[in-house]
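Report on the following structure.
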Amino acid sequence: MSQIPLTKRGAELLKAELHRLKTVDRIETSHAIAEARAQGDISENAEYEAAKEKQSFIEGRILDIEGKLGNAQIIDPTTLNAEGRVVFGATVEYEDLESEKKSTYQIVGEDEADFKTGKISVGSPLARALIGKVAGDVVEVQAPGGAREVEIVSVRYM
């Protein structure tokens, strides 16, 4: 399996989720299964089926997170020296040349991406268009509404 890029914060969030899944969710689900079994016939017990389904999801997520952390390439954006270039972990401010609207996003790993909080996946069309560029560069981005041109205003490593 290839390395998975994660910011330091993203790795910490995954570790916290893994800890919660193992120490809280797994135990709660185990208790729910035991309670449902205690009710008698489990062949038509909806609570038992729901608890087993949740247990399956939790175990799958634990394996997924452990795999990602095991193959993680953890990058601390504050230690980057990319000479002003847009790289994984960088925070980029750009201006849409048509609408003149400015936006700021940090380029992060797939699991960390959250558009609402200003974090976009390194695999997104916007991030792919910005990678390797510097402030002042004009970049064409393939967006769902069609191609757009944006100018990079600043690149920060924070």
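The values are calculated or read from the model by the stated rules, or taken from the named source; none is laboratory data. None of these values were measured; they are calculated from a predicted model. No Cβ is skipped: glycine too gets one built from the backbone with ideal geometry, and neighbour counts run over all protein chains shown.
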Original post:
Taking G84, is it out of contact with any Phe, Trp or Tyr (no Cβ under 7 Å at 6 or more places or on another chain), surrounded by 11 or more Cβ atoms within 10 Å (Cβ to Cβ), modelled with pLDDT under 95 and in the same structural domain as D137 (by TED's automatic domain parsing)?
Top reply: yes
**OP:** Could you please let me know if I58 is at pLDDT 95 or above, surrounded by 14 or more Cβ atoms within 10 Å (Cβ to Cβ) and touching a Lys or Arg at 6+ places or on another chain (Cβ under 6 Å)?
**Re:** yes
**OP:** Please state which one of L63, L6 is surrounded by fewer than 11 Cβ atoms within 10 Å (Cβ to Cβ), within 17 Å of the chain's Cα centre (by Cα) and either β-branched (V, I, T) or within 20 Å of G109 (Cα to Cα) (or both).
**Re:** L63
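Can you confirm whether T29 is part of a helix (DSSP H, G or I) and touching a Lys or Arg at 6+ places or on another chain (Cβ under 6 Å)?
Spelling it out, T29 is indeed part of a helix (DSSP H, G or I) and touching a Lys or Arg at 6+ places or on another chain (Cβ under 6 Å).
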Subject >> Selection from the range 140-156 of residues that are free of Cβ contacts under 8 Å to residues at least 24 places away in the same chain and of a type in the set (V, I, T) >> reply: V141
**OP:** Being in contact (Cβ under 8 Å) with a residue 24 or more places away in the chain and surrounded by 15 or more Cβ atoms within 10 Å (Cβ to Cβ) is the filter; apply it to the range 128-138 and report the residue that is farthest from I107 (Cα to Cα).
**Re:** A135
